[in-house]
Amino acid sequence: MADAAAPIDKAYEFIFWFSIVFTVVITVALVYFIWKYRRRPGVKAEPTGHYQKLEIFWTVVPTIFVVVLFHVGFGQYIKNATAAEGSTEIRVRGKKWSWEFEYPSGDRMPGELVLELGRPYKMILSSDDVIHSFYIPEFRMKRDAVPGQYSFIAFTPTKAGPAHVFCAEYCGNSHSGMLATVTVLPHDQYKEFVKTLGKKPKLCGTPPAECTNEAWGGELFVKNGCPTCHGAGGVGEIGGSKSPGPRLVGLFMKGGGEMMSTGSAVTPDENYIRESILRPNAKIVMGYNTVQMPTFVMKDEQVDALVAYVKSLK
Ligand code: CUA
């Protein structure tokens, strides 16, 4: 949970019950009057006169309600649209189809947002390609990430624990797979986390074992959202049909090479894999020119791990 969640829930509940009460009251009155003044033989309908007091009453009272509702909603909106002074800024980049978080230290973490409990944050959003929408339901926070423009959301996590990021704007084939996790840590644990930022963990995989480059690469593959384009484990298929990105299984040093859209084959060695991660549009595999892979910025160790992983896919 974050600081804005409780007031937003309160405002929502207030408006909800306010609407329920008035819907019931108005409907009951309506039905009653329909019945009371129904057409009956021998009773002639008389036009009613002008009743000023009643008209003033039903104009003024709802106006007061509407102003109160506006005040509640707008006050919270302004609060959410302003970042606290000294907020920690985190860059959030949406790309087809993953989320990447850049910490003040410059370290980039894909698919995993780790925050410190009680620290005010400003998430600066942008998109590398199309419009995405950064949505953390637990925090009651949502804002579009638009290419060529920055937007932001601001909040302070108020409860330790997990939360989730969704993309709430349809952005193509794997929109529904554009997920990330949020973890809010107490101060001490957060300090420990910062030390590990961008570094190879001691343990990884399931069940956790000593983290080899290959196993770490497998984790980075998932966190960077690679399966949303290349299929789980790089099989080149999603749900039985061809995935937007080429198959990676059996790619490394494939006999005959990998055919490019230019009509010539390249040797899929370490250099080719590395280039395809860092400059994905340098060489396009034949039949895969409809979706542009976003560019990834990574540390050398991370690239090494991913290359090791792709090499291991057989
Ligand atoms: Cu990104 Cu939907």
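We did not get these values from a lab; they are worked out from the coordinates using the rules stated. Just so it is clear, the structure is predicted and the values come from calculations on it, not from any experiment. Note that each Cβ is placed from the backbone with ideal geometry, even for glycine, and that neighbours are counted across all protein chains shown.
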So the check is Cβ under 7 Å with 6+ separation or different chains; which pairs have a first residue in segment 144-157 that's in contact (Cβ under 8 Å) with a residue 24 or more places away in the chain and a second one that's within 15 Å of the ligand (Cβ to nearest atom) and among the basic types (K, R)? S151/R143; I153/R143
May I ask you to list the residues in segment 83-125 that are among the polar types (S, T, N, Q) and closer than 21 Å to H175 by Cα? S98
Mind telling me which of the residues K142, K200, K195 ends up being among the charged types (D, E, K, R) and touching an Asp or Glu at 6+ places or on another chain (Cβ under 7 Å)? K200
Among E169, E214, E219, E192, the single one that is touching a Cys at 6+ places or on another chain (Cβ under 7 Å) and charged (D, E, K, R) is E219
Check whether at least one residue in segment 56-77 is outside any loop (DSSP other than H, G, I, E, B), away from the ligand (no atom under 16 Å from the Cβ) and in contact with a strand residue (DSSP E or B) (Cβ under 8 Å, 6 or more places away or on another chain), and report yes or no. no
Between T181, T158, which is surrounded by 14 or more Cβ atoms within 10 Å (Cβ to Cβ), polar (S, T, N, Q) and over 30 Å from T290 (Cβ atoms)? T158
Long-range neighbours under 6 Å by Cβ, at least six apart or interchain, first residue more than 16 Å from M286 (Cα to Cα) within segment 235-248, second surrounded by fewer than 19 Cβ atoms within 10 Å (Cβ to Cβ): V235/V249
State which residue is surrounded by the fewest Cβ atoms within 10 Å (Cβ to Cβ) when the search covers only segment 101-122 and only residues that are part of a strand (DSSP E or B) and out of contact with any Phe, Trp or Tyr (no Cβ under 8 Å at 6 or more places or on another chain). E102
Of the residues in segment 290-310, how many are closer than 23 Å to M260 by Cβ and either touching a residue at least 60 places away in the same chain (Cβ under 8 Å) or buried (at least 22 other Cβ atoms within 10 Å of the Cβ) (or both)? 10
